Each structure stands twice: as structure tokens, then as C-alpha cells.
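Enquirer: Let me give you the structure first, and then I'll get to my questions.
Throughout, read-outs are computed from the coordinates displayed, never taken from laboratory work. As the structure is a prediction and not an experimental result, all values here were calculated from the model. Cβ placement follows ideal geometry from the backbone for every residue including glycine, while neighbour counts extend to all protein chains displayed.
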């Protein structure tokens, strides 16, 4: 029994990274996972939040937003409401943690990397696509810093990517699209490094609690998906990826 | 003496409309004017603001936002600040007025057209590009409504576009890029219809007041620019444009 | 065919400036244009916004507000809503630009002039009356600074005033009252100096686009109105006006 | 030993009520107590807050604000801050309670009286002047309602006024101006009716607690001041005052 | 005729102070007055608000909040609304003034005492219980400062407590519970020191103005209640209370 | 090698549930896990959010807050800041999901259960303690509803509890206190039912990614802890727990 869009249960949607998508941020990537499209940018600022002043350490902070027209029914703009939703804040914090986990903040020096993830079309998995795409933008930005001679090498310890998995009609599936996501009984986001380690595991069975066996299946699917994504990140980054790996 | 980018004083930057840029809004256009790029979408909602209830009339409301990474130095996200800037509100109001001026709101019926202009790259003239691009998105959305049989014809009375003009080093120039805009002594935005009428004229000489003769030159340049833009809108819309003109 | 209040099309309403209307601000003027009444004050603060620190330059910033009881049906207080409306912000920005255009900010030194325009009765034209009245308050405040020996002369390059014009029932009219304003097809605010130059031209034909000939008529009317207003400002300021002109 | 402005300890400042100060609110009074000047208006709205719907009862709600230029050093506008200060809310609640205490809300019917107190010049005692002036505006508004035939008589049970008293240099004084107020060790606001009853008594000895004997002296002074103020309200209202008293 | 809960008109509800109720604040007291329960804490911070910098003086600031579940019908959380109610601000200001009136802020040095009053169960008199309980927490916090050698003695000039009184069915009653409070025609909060002086007197007769004789009765009742409360504070504080009195 | 407080790695801190802690909410529980103390209440409201109107289904919504004095250094009150932090929103959403996962919302009928978790003392694990304690409060509230005859049985499908686990100095530990939590390299919150199923699994390795083997150890520890907690919930609820299990 195949999926809505004909994929196999353990198959990713087509993935595409367009680097240098816009021109002002040091890193700018349009990431597409099927119909989900997110502009991920990385901007370097030469100062850090107050709690890091004079520590020599850098910081990474992420913001996430959906264009009102990105969803099937128009979404109210958060700036019009005057406040940022809980869901948005949760996602922003997740992206920030994921990227900080693989960057050597000491080697970054007293700089802030601003990561902006702006969803222009949402078909499920926007938070995981944001992490996967932002990592590429972040590497591009750090590479520019290196080329300018501000740092000696790109201070990245591992590659990082993220993917969603879930259980739909009793079957574990990889990389859920919106329609699948809204019928999933269990929904999990898995963030991993290229060394096969976990950075973040978030699974929710609001509709129905899940057994340990389900959890094991989902972890395995997530591992497969992330390894494929990281391979694609490496291809997109080409020689820069090699420089990181051979460090 | 030619301009920064080699254009003549009365020359537009390259203009490009990409229709159906995203998939959920009824109208979705990426408009590019040189390096300025704005996603303009039009979404139809089957209700109107309270002041129009039971009047049979429709409404058009516009929102405008710049992605943080769209500008040369990263712009703070308005949702993070918790409030919409004065400049943004001014632009939103301008776009809304411009589009309402050419739509027959009675024929639209009790519907709201939500126009969203999200700037992904800003090199001057984002507000005028937003008007020019939104008009195309709006026609696409209205055309869908017509195809669904909800309205008999596209309730648009005229085409509308907008362009900036200004005086730099004593010379009147058309379609200012960011660098020109920031050195202009006089800066004017002109919104016009395909009948050569004015919808909005906003000229500011904050740095130095300007003479009537300057105003006349600027109006003429603006007229030239708008007529060219409207011609490009018509080409982009093809047969749908014809349907409007022959009404 | 005469107007609602019997005026001729090119006639201003009765104008009155009451200087020293309140006692704490350095400049305080009640300006009346017919039934429109605005308290305009200018307060000098010995510091500038961050972007001007250590530049030796001064700044002028304006705030505008309507008392809840100033309008025909009570207006909700913006402080109660917790946010400033788009219209208010637009007007504040306009007043600030108009005044800055005629003041030598270098000669002002590192000081901020706070302009407050509080409408106590609104019968159309409150933004233009605010500009016209604020200019008088600003001159009074600068004159005090001069009398205290803080500056050598009043750093004002030109007089500035503003007036509304519009097209009602096909006729161009000067200085619209509220009832006229709400039926006008075209509405324009014109800010000018005593040298006959334009500082700001804002014309809107939301209800119906307008021809170039209309625009020409409106500009001419506006010119006439502003020259009369500036004459009245000079009379109100007496010897201080002379000091500015003979500079 | 006389006071800063030469008054006796038990003497009010000159009091002046200007009725019909502005034209749109049903009641509009400029109240002056020495250099303290407040525009008090009363606007009638034909609906009540949710908790009174279908009870047949009316409501009175008050808002208070100081113009930025009303104080010796410019006060930041509450709408710019985005929130109403604690002091403002305290005063608004006080004015509302004072007026509700003397109005028959059942006889008012399902209407809201909006009281707006906008201070245009502040020299101490703005909250008490607001109560005293608002009462006159409220009576004017209710009288209009009566003249329109909407109510049979003015539903006011008593006159109400308010005055400040305090202890300065060990002496009890009536109607403190700003300079006195800022050096007072004890500061009290007393709201009373024409029947000599208390509506509100608020005394604070933040700087130094006070003895019962002091309290007694202050109450007596406050009583004297309020009786004089109510006499002045009656004179200002003329025949309308008689109509209330003879009810 | 006895009261709802069988008390005499001049009788307090059972009072209980639990010191060291929580462990992190320097002073932490659960105060219970009948069914009213408030956690009062005092936290010392080694800095002062801007207006006191380099004056050598300290400050006391109070915050008050009710848990949503503290009231008979659940109260909306102020953080969810995004703003603090007028009533809350009024109470916070009252608590702050009351405590500051008895503390020698010069002797405190450049420190801020943060007082937090969090109502966990509300049965009337929460603001007065907050003052009475906070005083005990404040003394505990100051005592710790003394024990650490930061100050030589506890800089408290007097004890301070507060109680509500009111007129119900024509009778003056002490320490109103919620049910009494909601039927009271006159409601008064009285803050006093152990020397029998008044710090704050706030009486309101919104429902019906009150005579001077009523006021006298209420003041007397309040005096009785406060003296009893202060006795209980002294018992709760034991030897620390002695140290303050013998200073 | 034992832990800071002498516990074994797989040992919970002492747990205590005080039911009926306050009197107005239908369910009110003080939960203590070592020095972490949270007041959890459940209030029933007879209406549902708009998206559930006329569906016959109920809803559960949770709010979480920390008293300013609950933490080692005083925490700024969210109501004073005017906004709810991202961390708070994340926790509120988590508590809500956890409780909804075990309640039959159809059987609840069109009612909302408001869960309030107010932390009065925080020593790590406040979000998990909130879930564990809230479940007991929720059962108490539903039991009252049953006793009133509004529902036939308590619509709870499973017991639910939550616990934190983490890796400190390379060792997996159960129920982290604050000091342990702040040095943990991996931190995980696990929400489970009495059937040994997972409701939510949230693991974060911000400081250092973790291997699958670590994840397995943590899941096992979490399972042990949750089964013990659920046993304690059952003991606290006594006969009511039996009624749920025998359903």
C-alpha cells in the first residue's frame, strides 16, 4: 500500500538546495522538500548577547516565520497580532539548539549568527526542512568569514539535519507531507549528525500513546532519512563540505 | 552622465513577473525590478470587515513585510518587536488604496481580497513594486473566482501600477535603486492607471524643498514609467488582460 | 455655487494663532482653522537619538494625537488600545519631515525638538493645521534658545505651512472642512515654504483617479493657500519673523 | 506665614469653569484651578459593558490623560509606550467611582457615559480638578439627554467635587499646587457630596506617618474646600443646578 | 447579630504567619487571615532604579498577583492578557508605599528590596494581608543582611500592618471576608504603624456616600485591628522583633 | 559514586501529593518532588474554544507559571514584561498534550478543563512535576463532575505521569535536580501512561549529541520512574483510582 504521493514508506520527498538564493545575507539557501519551501539565511553580526560579552564565545540564534500565503488557508501575520505564537517560539528554539550543537562557539569568536527561516510554502516538515537548509546557509556564511581571514577554518564539528517521521494507519513513514502529518497518530522529529548521533528527539502521541516498538521503528527510519539528507547537504556544498570533513 | 548601473535617466530596471509562484493563494506573483524582489499574493476570503457587513460590497486589504535578510544589514523582525513600524503601516495603506481605486467593490460582492507583499530582496522601490506585482496577483485571483462561476466578469476598471522617481545630483531619474534613493534630494512615488490618470502622488523633499518645474519633470517621468509597466503587466497576463480591456 | 459654510472655493477658513497657550513647553501655540483646533507645542531636550550622537547635529521629532472627544463620535484612546494607529504614525512622520526640511539641524546643535500636536477639536485638515501651527511653536522655542544665548540666531531657513485641497462635485476647493473632506473624490495635502517651493505633495484619488489637469488646479490652489498661511504666521510672530527673514 | 502664591492655608486657588469648551461631546468643560487646566468631556453612548446588558442599568467610565506638554518636563506619551501607567489607571478608577456614587444608574438606562479628562496644564491637583470639572460636564450631557426627551429628569442624586489637602512644614493646607505637593509629608484627596458626605478619602503619609489629629484637621479643611467648590459648580450650572436640587 | 462566620464585629479572623515558607528568597512568609492566603517574599538585589543611582539610598518595590485558581471563578492570568490590570497596579503601589514609609532607605544603602505577594487563595482582604505579611518577610530579609554583616542594624523605624474595615447593613465591621466585602456600602483599608500613626487611609463609598461619624467608627476599628496584627507580627518574629524595638 | 543529594542514579526524589490544597478549584494538588513544589489546579468551565463549538467534545488547556521568588535568583514576572516567554509556552503546550492524550474528550462533553501549574519553588523538573501533579488534580475535578451527576464515569483512559532523565558525567540519572540539570550533557523528559506507553519523548543533546545506546538507557530509566510515579498517584487517589482502573 503506497502513500498519497506514491512514495515508499521509507522514502524522502525530492530535496533541493539553491545556494545564494538572495544576495545580502552571508548565507542564503532555498531548501525544498517536495512542496515545502523555506528560505534559510545566515547573517553574521559582530557582537553577542549580553550574557556572552567578554567570554570570547559566539552565539547562534534562529527566527522562524511563515508567510501568510504559505499555508492552505491564509495565516494571520504574527506582526499584526503583536505577538509570536507558542508554536513559532518552540520551533525557533529547536533550530537554534540544533545548530549550536554542531558549531564550536569558542572558535566562532564573539559573533552572532542570525538564522532566519522564512517559509514561503508549507506542505509539512517545515521545522525539519528549516534545520536542514539552515545548516547549509550557516556553512556558507562561515566559509565567507574564513575567506575574509576572520577565522582560520570553518568551526563546524559535524553536519546536522532533521527529518520528521510518524505512524499513519499503523505504518511508520518517513518525511510526512501535510496531509499525512494531520492524520498521524504519532509524530516525531529527529535531529542527527553525520556521525549517527542524536541531537534532538521529539515524539508526540497526543492522539494515541505509542509502544516502545513503535519508537524503535521511528528512530530507525529517522536515522535513514537523516543520513540521506546529510549526503545531499554534502553534495550541495561540494568542496566546502570536504574542507569540513577533512579538518 | 549615466547612472550607477548604466541605465539612462528615464529607463526602468529589468522587470519580471513570475505568476503562480506559490501554490495556495489564489493569486501568487514574484515581481522583480532589478534586484528588488517581492512575493505578492492575493487570497480571497468569503467575509468582509464589520463596517461592510450586509452592504453587498467587498474589500481589499494589504499587508507588507520585509524578510529580515532582505536588506543590506539584517532588519529586526516586526513580530519580534511586537509592533508594526510606521513605515510599514504607511506602505500597507498605500497598497490597499491603490488597488481599491481600480476594483469595483460592489461587483466583488461580500468578499475580502487579502494582499500580502513579502519582500525577499530589497534594492529600492519595494512599495511601488508591491503595487505593480499585487495587481497581477489580484487579477489572477479574481480570474479564478470568475472561472469558478462566483462572479461574471473580472471586476477591474483599470490597470494600476506604481513607480518611484527622484532627483539625484540635480537630475530627474526613473525607478531609483537603493543607492540612488538614499542620495536623492527629492523622492516621489507615483501610482497611475492605464488611462493615464493619477491614483496617488507622494513627493517628499525632506532634504531640500523642490520647485514646481522639478515636480513637472518628475510627473512626466513617472507617467512614462507607469505606462511601460502596465504594458508589461498586460503581457504577463496575456488573454486575461484582454478580457479586462474588452469589458 | 458656494460651499457648505459659504466660503469661496479658493478661500481659507478663519485662521488664528494663540501663542504661549500653555506655560511649560518652550513654544506653545493653539492653532485654529475654522472649527479645527490643535495645541502645538515645541519642547527642547538637550540630547539626540542614538544615530546622531557625537555628530553635532540636532533632530526634530513629532507626535500627533486626537483627544477622544475631539471627533463627532468619540474616538478610542490610543493608549487604551495599546497601539498607535497607522494613520497617526503617517501624520507624525509627515509633520516631522516638514519641519526638518526648513531647519538647519547642524546649527541647532545636539538637541531634540519634540513637537506635540494634540487635536482638541477636529473639523478636517488636522494634519495640515498641525504643521502650520507647529512651525510657529518651533520658532518660539528656538527664539527662547537664542535669548538664553545657547544659539546665535534662529536656525530656520524658510517658513513652512501646509494646507489641504480637494475635488468635490468636480470643483477644486481649498482647505476642506470635515464634511467636504468626506465627500471629496480627490484629496491632497500640500506643504510649502515661503519661497514657493514644495516640501511635500500627497494626493490620493482612492474614490476615483484624477487627471493631470486636476492635479495642476490643486497645486495652484495649494500654493495660494500656503502663501496666505505663511503671511499669517509672520504676522503672528511679529518681530521674530523679521529676524528670521533678515538673516 | 503665607504660602508660595500668597494664599491662606485654607484658601482655594481661583476656580473657573468654561462650559461648552469644545463642540462634539454632549458635555465639555474646561476647568481651571489656578494654573491646573483640564478639559473634561462627557459623551453618551447608547450601549453598556457586557456585564450590564439587559439589566436596564447604565454605566459611567472615565479616562484620564496628561498631554506630554502639560508638565514641567515633557512627559512620554502613554500611547507611544504602549501601556497605561499605574498612576493613570488609579486616577481613572477614582474618577469613575466618584461620579457613579452620585448618579442613579437605573434611571440613566442602558447607556454609558464616557468621561474624558485631558490635562493640558498640570500644577498639582489634576485628579481632583478632573472630578470637579467632570461633574459639570456630566450634568450638561445628562441635561441634553433630558432635553431630547430620552430621560425625564437629570438622574443625579447629589453634587460631587474633590480637593487635595496636605501637611507642609507642619501646617495643614488646602488645594496644593505642584510645588507644595512635592514637599508635602502627608497628602490627601477628599471627594464629597453637597450633603457633606464622603465619597472617597485617600490619605498617604509615605514620607512620614501621621497622627489622628492631623487626619482630623485635613478632613475639616477638605470639607471646607469641597463645599466651596460645589457652590461654584452650582453657579456655573445656573438653572440646571436648581433643577437638580429641587428634584 | 453576629457575622457570616460567627465573628464579632470588631474581631479579626484567625491570623497565621509561616516564616521560611519557601527557600530561595531572603524572606518568605505565608500569611493566612482566615481563608485568605498570600505568599509574601522579600528578595534583596544589589542595585537600585536609575533615579537613585549614586545617592546611597535604597528602594522597595512590590508586585502583587493572584493565581488564576485563587478566586471563586477562575481569574484570567495577567501574563496571558499581556497587561497588568489597574486594580493590580493600585495594590502594588499601595504595598510599596506602606513598606517604604517605615524603612530607613538611607540606612538600607543602594539595594532594592523586591516584595512579591502571590495570592494563592482569596477570601477578601488580600491587599491588607499582603502588607501585613510582607512586613514580616521584609524584616527576615533585612535580618539576613545584618547577619551577613552588610548592615549594622535592621533599618526599620516602625512595624506596619494593614486591615480592612467596612459598613455592612449599617454596622461597622473589622476584617471583611469576601462575602462581606461584596455587600459593604463603605469599604476602607487602613495602614498603621505600631506607634498608632496612619500610613494610608483609603475609604470608598461608591455605593453610598458616608457620614463623618461612620468614618470615625471605621478609623477606630481599624486602629484596634492593626494593633492586634502588629502584636502578632512581633510574636512571629520573636527575638528579631525585640532587636527592632530596642534600637 | 553517588549523587549530590545521596540518591542512587535510578532513584526518584521523595514525592508528595497534597490534595485539596486550595479550596476554589474543583481539583487542587500541591505536588512536591524533593524541593520542587508546584500548585496544580483543575477548574471546569462549561464552554469550549470556538473550534469545538457544537461538536459535543471537550478540551483541556494548561497554563504554567513560576512565582518570581521560586528560583534561586528572582525571576522577572511575565505579566510585568507583557509577554509570555517561549519556554513557558513550550511547557504549557506539553502539559496540555499530555493530559489530553489520556482523557476521552467526547465523554467529557462541551467543557474546558483549565489546568494551572504555578511553581512556588523550583529545583529542577518543574514541567514533569506539573504533568504528574496536574493529572491528580484533573481526576479530582472530574470526580466532582461525576458526583454531581454531570457525567457517568470519570472519562480517563489511562494514568499519565512524567519524569526527567539525563546524562551527567557520563552516567544516566533519574529525576534531575536543578544542579544536576544544569550540568547534564543530555536532558530528556519522558511522559508515559500506566500501560507503559509513551505519550511524549523529548531529548536534547545541545551540549553534545548522544548515541543510540544512551537513548536506550534513558528510556529505560524514564520507564522505571514513571511506573513508580503512577503507583504514587494511585495511592494518593485511593478509591477514585480504583474506579478508573476498573472501568
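Enquirer: So what's the angle, to the nearest 10 degrees on a 0 to 90 scale, between helix F:126-147 and the longest Cα principal axis of chain F?
Expert: That works out to roughly 20 degrees.
Enquirer: Suppose R0 equals 35 Å; then what is the FRET efficiency for residue E:53 and residue D:181 from their Cβ-Cβ distance, rounded to the nearest 0.05? If you can, show how the numbers build up before the last one.
Expert: Numbers: r = 25 Å, r/R0 = 0.71.
Computed FRET efficiency for residue E:53 and residue D:181: 0.90.
Enquirer: Taking the axis that carries chain C onto chain E, what is the nearest Cβ in chain C, and at how many Å, to the whole number?
Expert: C:82, 5
Enquirer: Please build a GNM for chain B, connecting alpha carbons under 10 Å apart, and tell me which residue among B:79, B:158, B:130 fluctuates the most.
Expert: So, out of B:79, B:158, B:130, the one fluctuating most is B:79.
Enquirer: For chain C, modelled as a GNM with alpha-carbon contacts under 10 angstrom, which of C:205, C:149, C:124 fluctuates the most?
Expert: C:149
Enquirer: Using the 7 Å Cα-to-Cβ label point, sort the distances from residue E:212 to its equivalents in the other copies shortest first and give them in nm to one decimal.
Expert: 1.6, 7.6, 8.3, 8.3, 9.0
Enquirer: When only C-alpha pairs under 8 Å and at least 6 residues apart count, what is the relative contact order of the range B:1-51, in percent? Don't skip to the answer; put the middle values down first.
Expert: On the way: 63 pairs, mean separation 12.3, N = 51.
About 24 percent, as a whole number.
Enquirer: Turning to a different aspect of this structure: Expressed as a rounded percentage, what relative contact order does the range C:1-146 have, with Cα pairs under 8 Å and six or more residues apart? Before the final figure, lay out each step's value.
Expert: Working: 277 pairs, mean separation 51.6, N = 146.
Once normalised by length, the contact order is 35 percent.
Enquirer: Let me ask something else about it. So which residue, out of D:224, D:146, D:53, gets the largest mean-square fluctuation from a GNM of chain D using Cα contacts under 10 Å as springs?
Expert: Residue with maximal mean-square fluctuation among D:224, D:146, D:53: D:53.
Enquirer: At what distance in nm do the modelled label points of residue B:46 and residue F:231 sit from each other, each positioned 7 Å from its Cα along Cα→Cβ?
Expert: With each label placed 7 Å out from Cα toward Cβ, I get 5.8 nm.
Enquirer: Once the Cα atoms of helix D:86-100 and of chain D are each reduced to a long axis, what angle between those two axes, in degrees from 0 to 90 to the nearest 10, is obtained?
Expert: 50 degrees
Enquirer: Given label points at 7 Å from Cα along Cα→Cβ, what nm distances, shortest first, separate residue A:9 from the same residue in every other copy?
Expert: 3.4, 7.2, 8.1, 8.1, 9.3
Enquirer: Under a point spin-label approximation (7 Å from Cα along Cα-to-Cβ), what is the residue D:80-residue E:246 distance to one decimal in nm?
Expert: 5.6 nm
Enquirer: Counting partner chain Cβ atoms within 10 Å of every residue's Cβ in C:115-125, what's the average?
Expert: Values: counts 2, 7, 0, 9, 0, 9, 6, 2, 2, 0, 0.
Rounded to a whole number, the mean comes out at 3.
Enquirer: Given a Förster radius of 41 Å and the C-beta distance between residue B:10 and residue A:72 as r, what FRET efficiency does 1/(1 + (r/R0)^6) yield to the nearest 0.05? Can you show the working numbers first?
Expert: On the way: r = 44 Å, r/R0 = 1.07.
Rounded to the nearest 0.05, the efficiency is 0.40.
Enquirer: Something else: Between residue E:144 and residue C:211, what is the label-to-label distance in nm when each label sits 7 Å out along the Cα-to-Cβ direction?
Expert: Placing both labels 7 Å beyond Cα along the Cβ direction yields 8.3 nm.
Enquirer: Could you tell me how far the Cα centroid of the range E:41-79 sits from the Cα centroid of the range C:1-32, in Å?
Expert: Each part's Cα centre sits 48 Å from the other's.
Enquirer: Now a separate question. So for chain E, averaging the separation of alpha carbon pairs under 8 Å that are six or more residues apart and normalising by length, what relative contact order in percent results?
Expert: Numbers: 510 pairs, mean separation 49.7, N = 247.
Worked out over chain E, it gives 20 percent.
Enquirer: Could you tell me how many degrees, from 0 to 90 and to the nearest 10, lie between the Cα long axis of helix B:212-237 and the main elongation axis, the longest principal axis, of the Cα atoms of chain B?
Expert: 40 degrees
Enquirer: How far is residue D:171 from itself in the other copies, in nm, if each label sits 7 Å out from Cα along the Cα-Cβ line, shortest first?
Expert: 4.6, 6.6, 7.8, 7.8, 9.5
Enquirer: Continuing with the same structure: Can you classify the protein assembly as shown as rounded, prolate or oblate using the Cα gyration tensor, where a ≥ b ≥ c are the square roots of its eigenvalues, rounded means a/c under 1.5, and otherwise it's prolate if a/b beats b/c and oblate if not?
Expert: Numbers: a/c = 1.68, a/b = 1.00, b/c = 1.68.
Taking the square roots of the gyration eigenvalues as a ≥ b ≥ c, the protein assembly as shown is oblate.
Enquirer: For the range C:127-184 and the range A:184-217, what is the centre-to-centre distance using only Cα atoms, to the nearest Å?
Expert: For the range C:127-184 versus the range A:184-217, the Cα centre distance is 66 Å.
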